[in-house]
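The values are calculated or read from the model by the stated rules, or taken from the named source; none is laboratory data. Here the structure is a predicted model, which means the values were calculated and not measured. Here Cβ is always computed from backbone atoms with ideal geometry, including for glycine, and neighbour counts include all displayed protein chains.
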Amino acid sequence: MKRIIIFFSAAAAAICLAGCSSSDMAETLPMTNGATVAEDITESVTETESETAVSVEDRRKNAAINENQPFMNLYKRNKETGVFDIKHSYSAPWIWYSDIGGFYSFATDEKSFPYDGFKSAFNNWWNSYPDAEVTKIGYEVKVTLKTGDELICTVKKPSDTQSIFTYVELYLYDDVHQPDGAWYSHLLDDQVTDDTLMTSIKVTTGEKIDEVQSIYLTVFTYENDNEFDKETGRYIGGNYTGFEIGKE
């Protein structure tokens, strides 16, 4: 049975579904028949996660697009020409501790457009939606391991990426709220404000990248917690798109 391990902040504080060492388990389970009890609990959690994950996928697919909310697509910038190209698929070498790719989110479905200042391009499309001022950008990254286990990470703030960081490192950037011409780095939690927009994400190989079978990246927009599943923390709205990041 495929294990689906879902990470989100509230659940992480309450229960460890993945990454618990054997010593952690030993402290919480009776010593008598410990192995049998552990297997029963793992099986129970796995079945619950699988059922929940399926329902989340169905709810997302059946969700209506919010026409008042920006709908994002992911773009890759050509380093030689500066042109942004829309991406519905992507592949690159997975070299240990190296960038796989950086992706920019724009509220348009243009196939490509020339770079003419990031802020102006982003804001022109973003601000054309009535609910732009109350909308946030988030990401979901699904890492499938060679064992068949799936690690699902919902990213609404930089620290949310820690749950899969040993496999795939993620870095978030706000490319619009920066001084013109200034150098800036990836976001940290204490830099995030109500105005912050995570307009781009960089995907980098982690320490355990050799254990990864596939990576699926999704971008979504949201306004409040009603657009997330209460059990898993996963996005269930209709304003999303994504693709698998293949290995060359």
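Taken over the stretch 200-224, residues that are within 15 Å of GLN69 (Cα to Cα) and either surrounded by 20 or more Cβ atoms within 10 Å (Cβ to Cβ) or of a type in the set (D, E, K, R) (or both) amount to 5. Summed over the stretch 82-114, residues that are part of a strand (DSSP E or B), of a type in the set (Gly, Ala, Ser) and touching a residue at least 60 places away in the same chain (Cβ under 8 Å) total 5. Of all residues in the stretch 78-119, those satisfying the criterion of being of a type in the set (S, T, N, Q) and either buried (at least 16 other Cβ atoms within 10 Å of the Cβ) or closer than 27 Å to GLY206 by Cβ (or both) are ASN78, SER89, SER91, SER98, SER105, THR108.
Matching residues to (1) of a type in the set (Ser, Thr, Tyr); (2) at pLDDT below 90; (3) over 17 Å from ASP149 (Cα atoms):
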{"residue": "ARG3", "(1), (2), (3)": "no, yes, no"}
{"residue": "ARG60", "(1), (2), (3)": "no, no, yes"}
{"residue": "SER91", "(1), (2), (3)": "yes, no, yes"}
{"residue": "THR108", "(1), (2), (3)": "yes, no, yes"}
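When the stretch 173-219 is filtered for residues that are more than 15 Å from CYS153 (Cβ to Cβ) and aromatic (Phe, Trp, Tyr), the ones remaining, listed by number, are TYR173, TRP183, TYR184.
Do we have any residue at all in the stretch 188-196 that's closer than 23 Å to HIS88 by Cα, at pLDDT 95 or above and hydrophobic (A, V, I, L, M, F, W, C)?
First, pick out the residues of the stretch 188-196 that are closer than 23 Å to HIS88 by Cα: none.
No, that holds for no residue.
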